[in-house]
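Here is the structure we will look at.
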Amino acid sequence: MTAHRTRRRSAAYAALAIGLSGTLALTGCSGNAKKSRSKSQKQTSSSAGSSSASSSSSKSKKRRVIGGGAGAGAASRAAGTCIPTADSLRFFQKASPSHVVVEFTNRSGSPCKLYDAPALRFGAAKEPLGFLEGGPSMVGHSVALRPRGHAWASIPTTTAATRGTKQTFATVEFLGNGLRGAHRGPARVDFPGGPVSVGPAAKVTDWQVSLTKAELKSGSAG
C-alpha cells in the first residue's frame, strides 16, 4: 500500500515538473519574442532616423552648392581694368577757357575700371603729360564703367606753355589695378576731327564720370 502511494506521488511530481517546465518555456519564448520585436522596432526607428538625417544632409549640401555657384558667378562679374583702344578714345579741343577733353567709352561687353588719370604722350613726346591732381597712388582715384559707359579727363591749355603746338595723334596708356603704376596699352589715337594744341607743360585731370566734373577739376568749366 505504501509502495503504491509512493509511486503515485512520484508520478504526480513528474507531471508537475513537466508542466512547470512547459510554462517556463512558454514564458521564455514570449519574453524572447517581445525582446525581438522591441529590437526590431529600435532598428527600424534608427534606420528611419538615419535616412532622415541623410536626406537633410543631402539637402544642406545642395543648398551649399547652389550658394557657392551664385557667389562664383558674382565674382566672375567683377569689373576688370579698362583697356585703351584706338576706337574707344576721342580727343577734342574747347575754348573759353581753352582745354582739351579726353573721352573714353567702354566698348567691351563687361564692366571695367579706370584708375587715376590717363598717361598721355602727344606727337613725338617721350614723356607723358603731368598729372594735375598729383598722379597715381596706392589708394588712388577710380571710376567704374558699365558696358558702353563713358568717362572724361580734361587738360587745361590756357597758357602758351600748356597750349604748345598742334598735335595730330596721341599715345595713351591706362594705369592698371595690379601694382598701381603698371600700364595697360599703349594705344595710338589719331585725331580725325582735326589737330589739338597741347604743350609739354600741360597736365591732365583724373578720370571723371561726367564731362562737367572733369572741367570743374581742371578749372575749365565755361
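The values are calculated or read from the model by the stated rules, or taken from the named source; none is laboratory data. This structure is a prediction, so every number in the text was calculated from the model and none was measured. All Cβ positions, even for glycine, are placed from backbone atoms using ideal geometry, and neighbour counts span all protein chains on display. The area values use the complete protein model at the heavy-atom level, side chains included, leaving out ligands, DNA and RNA. Shrake-Rupley method; radii C 1.70, N 1.55, O 1.52, S 1.80 Å.
Some points to look at:
- Surface accessible to a 1.4 Å probe, per residue, for the residues of region 89-218, Å²: 49
- Mean Cα-pair separation over length for region 89-218, i.e. relative contact order, pairs under 8 Å, 6 or more apart, %: 33
- Extension gain, ALA161 back to ALA201 (0.36 nm per residue minus Cα-Cα distance, nm): 13.8 nm
- Other-chain or far-sequence residues with amide H under 5 Å of VAL196's (modelled H): GLN167
- Alpha-carbon gyration tensor eigenvalues x 5, square-rooted, for region 89-218, Å: 22, 16, 15
- Inter-label distance for HIS150 and SER108, nm, one decimal - labels placed 7 Å from Cα along Cα-to-Cβ: 2.1
- Placing +1 on the Cβ of every Lys and Arg and -1 on the Cβ of every Asp and Glu, with no other charges, gives region 89-218 a dipole of roughly 220 debye about its Cα centre.
- DSSP bridge pairs, region 89-218: antiparallel proportion in percent, nearest 5: 95
- In order through region 199-215: 3J(HN,Hα) via Karplus (6.51 cos²θ - 1.76 cosθ + 1.60), integer Hz, x for Gly, Pro: x, x, 8, 5, 10, 10, 7, 5, 5, 10, 8, 9, 5, 4, 5, 4, 5
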